[in-house]
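First comes the structure, then the notes that go with it.
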Amino acid sequence: MATRRPDKNATADTKGAADLRQRILDASEHLLESDGLAGLSMREVARRTGVTHQAPYHHFADRETILAELVTQGFDDLARRLARANDHAGQGDRYAMLTESGHAYVGFAIEHPGIFRIMFRAEVCDVARFPDAQAAGARAYGELQRMVRVLHGGDFSDSLASIYWAQVHGLACLIVDGPLGQALPGLPARRAHVRETMANFARHMLGRPVPERAPSPKAAKRATPR
């Protein structure tokens, strides 16, 4: 019996479809970053991708389906970054673990601001309707909880995890859409600020407060009673 050879044309077609699907997602992310959510439409995505207006519908039912896939990929990427940071625990370095986790979380936000803006907005993408997105979000949050359990052991609580989440999420929002982003133009300055901020946060949360700076000679002179 002759061995059936793989159909090269079918393989090429499958690869081409997968590539087109990712190109549609890439174009959608760029649209979110350049034009915001209001600028994302199936027709504009098709135009940016260089395909017919009907082509995106072969891969995504509607705009929300595209957004759901972007959210899923975003949470998957975030979970991987947090997992790598959490691996510092194996080296027994809690401070590195926390600072790297913060840099991973905020780093994702400043590298993918368009996706970050929609990941936590139920009115944009209701993850309850998209199981893959919901599962990816749970994996990312699971890595956050894993970090807090390592850092605090038996003192873990949901409210303690919320403190850590609020720190990194708030910092990310201040940089992506807030005054810190305006004050810190460019990725190098933003990354440096995140590292410094997370180092200070780690010292306070893990029992090693930042030492007070010695007052300048002028300040000391003004403070000296006469």
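Odds and ends about this structure:
- Full-extension gain in nm, Phe120 to Arg80, via 0.36 nm per residue minus C-alpha separation: 12.6 nm
- Fully extending the segment from Ala61 to Asn200, taken as 0.36 nm per residue of separation minus the present Cα-Cα distance, adds 45.4 nm.
- In terms of other Cβ atoms within 10 Å, Ser28, Ser162 run from fewest to most in the order Ser162, Ser28.
Read-outs: derived from the displayed coordinates by stated rules, not from any lab. All figures in this text were calculated on a predicted structure; none of them were measured in a lab. All Cβ positions, even for glycine, are placed from backbone atoms using ideal geometry, and neighbour counts span all protein chains on display.
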